[in-house]
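The values are calculated or read from the model by the stated rules, or taken from the named source; none is laboratory data. Keep in mind that what you see is a predicted model, and the values were worked out from it rather than measured. Note that we place each Cβ from the backbone using ideal geometry, even for glycine, and neighbour counts take in every protein chain shown. Remember, those area values only see protein heavy atoms, side chains included, never the ligands or the DNA or RNA. Shrake-Rupley method; radii C 1.70, N 1.55, O 1.52, S 1.80 Å.
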Amino acid sequence: MKEISLNLKSMQDYRINESYKQLRTNIEFSGEENKIIAITSCTPSEGKSTVSLSTAYSLAEAGKKVLFIDADLRKSVLAGRYKVTGEMKGLTHFLSGQGDLSEILCKTNEKGLFVIFAGPVPPNPAELLGSKKFAALLKEARNIYDYIIIDTPPLGSVIDSAIVSAACDAAILVISANTISYKFARSVKDQLTKTGCNILGVVLNKVSMKQNKYYGKYYGKYYGHYGSDN
């Protein structure tokens, strides 16, 4: 098993960390049956991947054993963003029969957090994610980990997320503030509902605290202005 360093804690200020703690609490109180959770968005660049990995980290920080799976097989950014170097096999290798689980599973420097990166872009991502091999991977992971958090492609762009969600216990939709219309968000939500997956809720991301009078005043008074407005 490859060991990697992600250095996630240093990338969060106090305000962001508190938001993820609240999200973590909401997930924990949603029911013990919700172990495998897919996270998607309507369009690219809404912060879905960051929310997914940060949620997995927050759960691990609370003492849970967590597996994070990067299932955005079409355009994954995580390995590059966290500067993961060296030869590494990913989910596409495993699903296409070019690697076994021990070769794609990574242990991180964050206690309790394990990661499977996406791997190279395959010609048939939807077929791989809908395969019996992926279903078997989730079934095995369910018996080992407290939570499995899966980062999936934007549902408003490709069908992959719906395929993954159908094999999960629950799903979370990430929406970037002031980016998409209510009508489009509702259509994506309806598409997610059709998979039969329980929708836990929506994460409103990239909210400007300076423009939100109540929260901006509250956090500014008690904690100051930390980092970005995400």
Q) In bins 10 Å wide, starting from 0, what share of all Cα pairs of segment 44-140 does each bin hold, as a percent? A) 15, 48, 34, 3
Q) Calculated from DSSP H runs of 4 or more alone, at -39500 (n - 2.57) each and per residue, what is the 222 nm mean residue ellipticity of the chain, nearest 500? A) -10500 deg cm²/dmol
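Rounded to the nearest 0.05, what FRET efficiency do E18 and E140 give with R0 = 25 Å and r taken as the Cβ-Cβ distance? Could you check? Mind dumping the intermediate values first?
Numbers: r = 34 Å, r/R0 = 1.36.
That pair, E18 with E140, gives E of 0.15.
For T179 and I159, what does the FRET efficiency come to when R0 = 25 Å and r is the distance between their Cβ atoms, rounded to the nearest 0.05?
On the way: r = 21 Å, r/R0 = 0.85.
With a Förster radius of 25 Å, E is 0.75.
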Q.
With a 10 Å cut-off between alpha carbons and a GNM built on the chain, which of L53, L128, L73 moves the most?
A. L128
Q | Accessible surface of segment 85-156, 1.4 Å probe, proportion on carbon and sulfur as whole % | A | 52
**Q.** Reported label for calculated Rg/Rh (Cα atoms, Kirkwood Rh) given (1) 1.07; (2) 0.96; (3) 1.02
**A.** (2)
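Quick check: residue separation of K189 and A62 times 0.36 nm, minus the Cα distance between them. What number comes out in nm? Write down the numbers at each step before the final one.
Details: separation 127, 0.36 × 127 = 45.72 nm, distance 2.93 nm.
Full extension of this stretch gives 42.8 nm more.
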Q. To the nearest 10 degrees, how steeply does helix 213-222 sit against the main Cα axis of the chain, on a 0 to 90 scale?
A. 90
Q: Mind checking segment 105-167 for trypsin sites (Lys or Arg not before Pro) that DSSP puts in a loop (not H, G, I, E or B) and that have at most 14 other Cβ atoms within 10 Å?
A: K111
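Need one number: % antiparallel among DSSP beta bridges in the chain, to the nearest 5. Could the numbers behind the result be given before it?
Values: 3 of 31 bridges.
In the chain, DSSP labels about 10 percent of beta bridges as antiparallel.
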Q | Label zone at M88 (point 7 Å along Cα-to-Cβ), backbone N below 19 Å, segment 134-171 | A | 148-153
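Using the beta-carbon distance between E33 and K132 and R0 = 22 Å, what value does 1/(1 + (r/R0)^6) give for FRET efficiency, to the nearest 0.05?
Details: r = 23 Å, r/R0 = 1.03.
After rounding, the FRET efficiency stands at 0.45.
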Q) Of L173, Q98, P120, whose Cα points farthest to the positive end of the dipole of the chain (charges on the beta-carbon: +1 Lys, Arg; -1 Asp, Glu; origin at the Cα centre)? A) L173
Q.
If I fit a long axis through the Cα atoms of helix 14-28 and take the longest principal axis of the Cα atoms of the chain, what angle between them do I get, 0 to 90°, rounded to 10?
A. 60
Q. Could you give the angle, 0 to 90 degrees to the nearest 10, between helix 182-193's Cα long axis and the longest principal axis of the Cα atoms of the chain?
A. 40
Q. For the pair K75 and D100, how long in nm is the line joining their label points, each one 7 Å along Cα→Cβ?
A. 3.6
Q. Cross-link list K65/K139; K21/K65; K2/K89; K21/K107: which exceed 18 angstrom alpha carbon to alpha carbon?
A. K21/K107
Q: Give me the percent of DSSP beta bridges within segment 1-118 that run antiparallel, rounded to the nearest 5.
A: 30
Q.
Tell me the per residue accessible area of the chain using a 1.4 Å probe; a whole number in Å² is fine.
A. 51
